[in-house]
Amino acid sequence: MTHTANPPAATIRARVHDSALKRVTRFFASTLYEIFVETLQNARRAGATRVRVTVAAPAGQPAGCAPEPSETSLTVSVTDDGAGIENPAVLLSFGENGWNDDLVAREDAAGMGILSLAHRGCRIASRPRTPDGHVGHGWSVDLLPEHFTGHSDAQVRYDDTAPYPSGTAVQFQATVSADMIRTAIASAARHYPLPVTFEGETLERQAFLDGAIHAESWNGLAFGVYRERQRGYLEPDLNFFGPTVPVRLPTVETVHRGIWSVRADVVDCPGLELLLPARREAVENAFLAEVREAARLAIYRAMAADSDPRPAFADWTKAREAGIDLAAPPQVLRPWRPAIADIDDWREPPKPAPVGPNALVMACDPDPPEAQALWRAAERAGMSEELFEADKRLNGYGWYDRLDRVTGIDTEVTDGDGKAWPLYEYPVPERTGAAAPLAARPDAIRMSLAVKTVRARSLTIILPADLAFAGDTWGWISDALPLVTAESTLEPRRLAELLRLGFFSFSDDVDADSRETQAMRFDEEALHTATRLLCSEDSALELSIAETVRRELFWLVPNNRKVEISITRPDIRVVLGDPADTAT
């Protein structure tokens, strides 16, 4: 049998299904903070001049105590002196509100804030006041979850106890302590434009743009610009009359002078759209893109007033295109220093310094062992202070673009027979432990720096060196194969230090020792390896025994006694001298 589908309807129209009404109690998370945010916003829109929050405890229970689950909850009341609510029906007509058309257009008032109380239920008492000053009758209504879902009707009654001469009071239950209630209302009121009291105490308020070094207005927003202000990921940077929202306003990173940032305060900005109903984030639209661009220009204008703004070239260019004159950064760069293997060993970077005519920008990133060897070679050649870090933020400035750049490093090792080897091919013995053979000391080491000049010409700078590292780049001391030329005057402790800088990295494995223990053992092995290579096997063994005694036994020796230890396997002989023996 063949079935013929009905033809589609000619037109369709948006509607709200009844099932959505049954879910309104889940439109808000119903936290205390969200409830206070919504009630405070309603009070402000109603023209209130102040808001009062009180807590009432059941008889015989102090208000500051948190009730047990079996006890009666605390009653929280939020009362304002605004114009009140003329028609109680708007409370349950979601999307409808009693605000005038002008306010709705300016603030996108959705008429859904009452849903923050839908899950808990509440009592609302109000006394309306007309624009001409006429005061109406007071009324109140108890709203339970079933009223919000449309399962039953709510009874409105006259109530002479409603706020006088006008205003609205919202009451709800909270099964928490008064201190927790105070914390929630204090947070909601922190950037709120009206004074709020809690149990008679006026809560502290702070202007959202406090601390700004530059302020300006744009399309109903007030921008405040900050310098070196710590800003976390998705930290709120816009204030909507109390609730704060992350809208990802731009930051501007300078060259060696920190970061500039901006925040915005809503004054009267109809073009700004926040996601409803909770307004926790902004709608990504064309206007928000304009807001971000305007905020960036506000930062540029603040930087223009600074004596030394040091903008990146991209920001310098954008500012000039907008008619904002930013001073270009001086001709300084951060001196280059070799990388170290231990990423947790943070060291203060060198301060920026003027670049001279022989400056070289390190446009390559050698691994720590190669970097340490290069630095030693550059120091020996007297050119270490000519090496500077690359800084992409400066690409485009003429003085920076004209600097020569090191684009690569090749190391060549000449063995005792006069044969030259690329470092990665130099014949080295296989390492199988601390006593494994070390590589023979080469006759010469040469490091070749590939340099690219301003006209894209290439040249090579040759640096004679006395040290290079073969073997695996990232590993333990047992993986390191130091090559030190026969004529080098490098001392064992200095080589051990270079081994640590180039190879030591703390392991945070569950079964690993502490950082201090790992470092100590690495240093001992590094010094043993360096002494074997630069002195002799016997010298390394003597040093290792002495270091072990110093670590394990030294604390046992009295300050005024002499101890002699002799070991002839399997016997150990210890002679403890008299105190008088050490006097001489």
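Just one of S116, S93, S77 is open to solvent by less than 20 Å² (accessible area, probe 1.4 Å) and either modelled with pLDDT under 90 or in contact with a helix residue (DSSP H, G or I) (Cβ under 8 Å, 6 or more places away or on another chain) (or both); which is it?
On the way: S93 fails: open to solvent by less than 20 Å² (accessible area, probe 1.4 Å); S77 fails: either modelled with pLDDT under 90 or in contact with a helix residue (DSSP H, G or I) (Cβ under 8 Å, 6 or more places away or on another chain) (or both).
Just a single option satisfies the conditions, and that option is S116.
Given P270, P243, which one is within 22 Å of R44 (Cα to Cα), open to solvent by 20 Å² or more (accessible area, probe 1.4 Å) and either of a type in the set (K, R) or in contact with a helix residue (DSSP H, G or I) (Cβ under 7 Å, 6 or more places away or on another chain) (or both)? Before the answer, list the steps.
Numbers: P243 fails: open to solvent by 20 Å² or more (accessible area, probe 1.4 Å).
Within the list P270, P243, the selection yields P270.
Condition first: among the charged types (D, E, K, R) and more than 49 Å from the chain's Cα centre (by Cα). Now tell me which residues in segment 130-168 satisfy that. I'd like the intermediate steps shown before the answer.
So in segment 130-168, the residues among the charged types (D, E, K, R) come out as 132, 142, 146, 153, 157, 159-160.
Hits for segment 130-168 are D132, D153, R157, D159, D160.
Show the residue pairs meeting these rules: Cβ distance below 9 Å; 6+ apart or different chains; first residue within segment 143-163 and farther than 11 Å from R123 by Cβ; second residue of a type in the set (K, R) and in a loop (DSSP other than H, G, I, E, B).
Between residues of segment 143-163 that are farther than 11 Å from R123 by Cβ and residues that are of a type in the set (K, R) and in a loop (DSSP other than H, G, I, E, B), the close pairs are P145/R120; T149/K22; T149/R23; G150/K22; H151/K22.
Report every pair of residues separated by at least 6 positions or lying on different chains whose Cβ atoms are under 8 Å apart, first residue within segment 374-402 and free of Cβ contacts under 8 Å to residues at least 40 places away in the same chain and of a type in the set (G, A, S), second assigned to a helix (DSSP H, G or I) and surrounded by 14 or more Cβ atoms within 10 Å (Cβ to Cβ).
S384/W375; S384/A378
The values are calculated or read from the model by the stated rules, or taken from the named source; none is laboratory data. Because the structure is predicted, anything quoted here is derived from the model rather than measured. Cβ: placed from backbone, ideal geometry, glycine included. Neighbour counts: every protein chain shown. Calculation scope for accessible area: heavy atoms of the full protein, side chains included, ligands and nucleic acids excluded. Shrake-Rupley method; radii C 1.70, N 1.55, O 1.52, S 1.80 Å.
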